[in-house]
Amino acid sequence: MDKLERFAPLAGRILLALIFLASGLNKISAWTQTAAYMASKGMPLVPFLLVVAILFEIGGGLSVVLGYRARLGAAALIIFLIPATLIFHNFWTYQGMEQQVQMIMFMKNLAIMGGLGMMIGLGAGPLSLDSRKKKEMKP
């Protein structure tokens, strides 16, 4: 196996996971501001949904970066991204420059979902806990 095939999935997992880990940690450190923003978007049960969002982002992010049950972690992140994208990046309700910014954010999330979908289909790659577990299970 050449180095690119060995290390590219690891680099991809790290790059995909960074946004979720940073966002989840930011939600913890900026709890009040994040809760107020969620409330401004009309979300019900803000404290509960904020905890759920943090768990999805940090749990899914760690799963992806470590390559541990990475397909499940990637699926969890897609499940998180669908409502988050539709609620927080609803570009069709804006005008002018803000509409362009929100459309870019919307498309960014679609691209991330595409990368996560590839991970669901192809797995975490050779440098992952999932791959290590497979090797240990072989007789």
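Step by step: first the residues of segment 1-30, then only those that are polar (S, T, N, Q) and touching a helix residue (DSSP H, G or I) at 6+ places or on another chain (Cβ under 8 Å), then the one that is surrounded by the most Cβ atoms within 10 Å (Cβ to Cβ). Which residue is that? Give the steps one after another, and end with the answer.
Of the residues in segment 1-30, the ones polar (S, T, N, Q) are 23, 26, 29.
From what's left, touching a helix residue (DSSP H, G or I) at 6+ places or on another chain (Cβ under 8 Å): 23, 26.
Details: SER23: 17, ASN26: 14.
Restricting to residues being polar (S, T, N, Q) and touching a helix residue (DSSP H, G or I) at 6+ places or on another chain (Cβ under 8 Å), the top hit is SER23.
Any residue at all in segment 119-135 that's part of a loop (DSSP other than H, G, I, E, B), among the aliphatic types (A, V, I, L, M) and over 16 Å from the mean Cα position of the chain (by Cα)?
Just the residues of segment 119-135 that are part of a loop (DSSP other than H, G, I, E, B), to begin with: 123-128.
From what is left, the residues that are among the aliphatic types (A, V, I, L, M) are 124, 127.
The next check asks that each one be over 16 Å from the mean Cα position of the chain (by Cα); those that pass are 127.
Within segment 119-135 (the criterion being part of a loop (DSSP other than H, G, I, E, B), among the aliphatic types (A, V, I, L, M) and over 16 Å from the mean Cα position of the chain (by Cα)), the answer is yes, since at least one residue qualifies.
Can you run down the residue pairs with Cβ atoms below 7 Å, 6 or more apart or on separate chains, where the first is in segment 111-139 and over 15 Å from VAL64 (Cα atoms) and the partner is surrounded by fewer than 15 Cβ atoms within 10 Å (Cβ to Cβ) and modelled with pLDDT of 95 or more?
none
I'd like to know if segment 93-108 contains one or more residues that are surrounded by 15 or more Cβ atoms within 10 Å (Cβ to Cβ), touching a residue at least 24 places away in the same chain (Cβ under 8 Å) and either touching a strand residue (DSSP E or B) at 6+ places or on another chain (Cβ under 6 Å) or of a type outside the set (A, V, I, L, M) (or both).
No, segment 93-108 contains no residue that is surrounded by 15 or more Cβ atoms within 10 Å (Cβ to Cβ), touching a residue at least 24 places away in the same chain (Cβ under 8 Å) and either touching a strand residue (DSSP E or B) at 6+ places or on another chain (Cβ under 6 Å) or of a type outside the set (A, V, I, L, M) (or both).
Criterion first (in a helix (DSSP H, G or I), among the β-branched types (Val, Ile, Thr), in contact (Cβ under 8 Å) with a residue 24 or more places away in the chain and surrounded by 15 or more Cβ atoms within 10 Å (Cβ to Cβ)) does ILE87 satisfy it? Let's see the steps before the verdict.
On the way: in a helix (DSSP H, G or I): yes; among the β-branched types (Val, Ile, Thr): yes; in contact (Cβ under 8 Å) with a residue 24 or more places away in the chain: yes; surrounded by 15 or more Cβ atoms within 10 Å (Cβ to Cβ): no.
Spelling it out, it is not the case that ILE87 is in a helix (DSSP H, G or I), among the β-branched types (Val, Ile, Thr), in contact (Cβ under 8 Å) with a residue 24 or more places away in the chain and surrounded by 15 or more Cβ atoms within 10 Å (Cβ to Cβ).
Which members of segment 31-72 meet the condition of being polar (S, T, N, Q) and either surrounded by 18 or more Cβ atoms within 10 Å (Cβ to Cβ) or part of a loop (DSSP other than H, G, I, E, B) (or both)?
Step one: of segment 31-72, the residues polar (S, T, N, Q) are 32-34, 40, 63.
Correct list: THR34, SER63.
The values are calculated or read from the model by the stated rules, or taken from the named source; none is laboratory data. Predicted model, so just to flag it, every value in this text is computed and none were measured. Using ideal geometry, Cβ is built from the backbone for each residue, glycine included, and neighbour counts are taken over all protein chains shown.
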